[in-house]
Amino acid sequence: MGASALTAGDSAAADLSRGQYLVEALAACDNCHTPRGPNGYDLSARFSGGSQTFAGKDYVARGSNISPDKETGVGDWGDDELSAAIVAGVGRDGQLAPAMPSDSYRALTNADRNAMIAFLRASPPVKAQPAPPQRHGSWSPHPAPGAEATFDEAALSDKIKRGLYVASIARCLACHSAEVDDAPDHVNGLGAGGKIFRTPAGVAVASNITTHPGKGVGAWSDDEIKRAVTQGLSRKGEALKPPMSTLAKAHFAKMSPDDLDALVAYLRTLPAKE
Ligand code: HEC
Ligand code: HEC
């Protein structure tokens, strides 16, 4: 069947499944925007606001209600408004707190951004009003090098660029780069690790995922890297700590084989850092 034989319905369904893939396997929007119960995400209240509160020097914010409820969610937001929030970190009342990782989503192609929005719009509206954010500062963007702007479709057929795209949207680089003044230092610390995460399960330090043979993953096999990403297991096969283990099992486990291959190929280009 040629592309011209596709009906509008087929292409809408393709958008929805691509949107679902991006949201679930890569961007992990649920991680901050869906409440958690004892057994993981409470999908009956999907996208109605997250359980964690994020606090920085100049802000306190919870993941907002991004379900299509018109009063308490984003049901009456236009596509342009949703795009601005997702890729530029701009909400209806100005700049969003940097806990919303728009820097990592800047690279989204127009088609992927639209597919994501279509998927959010197709989810059931849920009424819930998380506590409003408090913000006192302004924040400069810190996208990963090469992922500062919208990708075009052609870039996604280049394996290394596709890997960078996946690494950006899945926030690998935002979490795994060394930090200076609370912001990732992508110039000197790309993939070098060191950022500290405090979760109810304890403290975890982001690992070095550069090609350094001893400190990074330079000596790991492709399968070992893929297993860490999709199952949350260390090289020795031991369970990694949250947030890595949670993201791996709930989200990255759904990554397509092509995206995983591209991701590993891209990680193999990261200059070794101590
Ligand atoms: C690491 C946590 C995190 C992830 C992952 C995340 N967000 Fe957010 N998001 C937030 C926080 C926190 C806010 C509130 C920021 C504020 O109000 O200053 C927010 C705000 C928003 C807003 C603005 C809503 C409003 O009412 O102002 C939208 C839209 C949004 N996020 C969509 C998304 C989408 C779509 C994804 C996945 C592609 C996503 N977010 C992933 C943390 C996250
Ligand atoms: C929210 C932050 C966060 C995100 C997003 C994230 N990681 Fe991690 N990752 C961590 C932390 C923290 C650890 C350390 C876990 C531990 O000590 O058990 C880790 C561990 C790892 C490890 C194990 C390394 C070792 O030496 O044992 C690998 C490999 C890894 N991450 C790769 C990735 C890749 C690739 C991505 C993107 C697909 C990614 N991570 C996304 C925080 C994150």
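The values are calculated or read from the model by the stated rules, or taken from the named source; none is laboratory data. Predicted model only: the values in this text are computed from it and were never measured. Quick reminder, even Gly has a Cβ in these numbers, built from the backbone with ideal geometry, and neighbours come from all protein chains shown. Protein only, heavy atoms only, side chains kept; ligands, DNA and RNA dropped before computing areas. Shrake-Rupley method; radii C 1.70, N 1.55, O 1.52, S 1.80 Å.
Just give me the residues in the stretch 30-51 being closer than 18 Å to Lys127 by Cα, near ligand 1 (Cβ under 10 Å from one of its atoms) and open to solvent by 10 Å² or more (accessible area, probe 1.4 Å), in sequence order.
Hits for the stretch 30-51 are Cys32, His33.
List every residue pair whose Cβ atoms lie under 8 Å apart, where the two residues are 6 or more positions apart in sequence or sit on different chains, the first residue falls within the stretch 87-107 and is assigned to a loop (DSSP other than H, G, I, E, B), and the second residue, located anywhere, is open to solvent by 30 Å² or more (accessible area, probe 1.4 Å) and among the hydroxyl-bearing types (Ser, Thr, Tyr).
Filtered contacts from the stretch 87-107: Ala97/Tyr59; Pro98/Tyr59; Ala99/Tyr59; Arg106/Thr150; Ala107/Thr150.
Quick one: Arg92 ticks every box in (1) open to solvent by less than 30 Å² (accessible area, probe 1.4 Å); (2) over 13 Å from the mean Cα position of the chain (by Cα) bar one, so which box is it?
That leaves (1) as the condition not met.
Quick check on the stretch 61-72. Is at least one of its residues open to solvent by 30 Å² or more (accessible area, probe 1.4 Å), of a type in the set (Gly, Ala, Ser) and at pLDDT below 95?
No, the conditions are met nowhere in the stretch 61-72.
When you go through Ala265, Ala219 one by one, which is the residue that is more than 7 Å from ligand 2 (Cβ to nearest atom) and assigned to a loop (DSSP other than H, G, I, E, B)?
Checking each option against the conditions leaves just Ala219.
Out of curiosity, is Ser245 out of contact with any Asp or Glu (no Cβ under 6 Å at 6 or more places or on another chain), hydroxyl-bearing (Ser, Thr, Tyr) and assigned to a loop (DSSP other than H, G, I, E, B)?
The answer is no for Ser245.
Quick check: is even one residue across the stretch 148-162 surrounded by 21 or more Cβ atoms within 10 Å (Cβ to Cβ) and β-branched (Val, Ile, Thr)? Outline the logic, then answer.
Step one: list which residues in the stretch 148-162 are surrounded by 21 or more Cβ atoms within 10 Å (Cβ to Cβ), which gives 151.
Checking which are β-branched (Val, Ile, Thr) leaves us with none.
No, there is no match, as no residue in the stretch 148-162 is surrounded by 21 or more Cβ atoms within 10 Å (Cβ to Cβ) and β-branched (Val, Ile, Thr).
Residues being surrounded by fewer than 19 Cβ atoms within 10 Å (Cβ to Cβ) and assigned to a helix (DSSP H, G or I): count how many of those fall in the stretch 119-147.
Qualifying residue count, the stretch 119-147: 2.
Within the stretch 163-187, which residues are in contact with a His (Cβ under 7 Å, 6 or more places away or on another chain) and either among the polar types (S, T, N, Q) or exposed (fewer than 15 other Cβ atoms within 10 Å of the Cβ) (or both)?
Residue satisfying the conditions is Ser177 alone.
For Glu274, are the conditions met, namely being more than 16 Å from ligand 1 (Cβ to nearest atom), part of a helix (DSSP H, G or I) and either without any contact (Cβ under 8 Å) to a residue 24 or more places away in the chain or open to solvent by 60 Å² or more (accessible area, probe 1.4 Å) (or both)?
The answer is no for Glu274.
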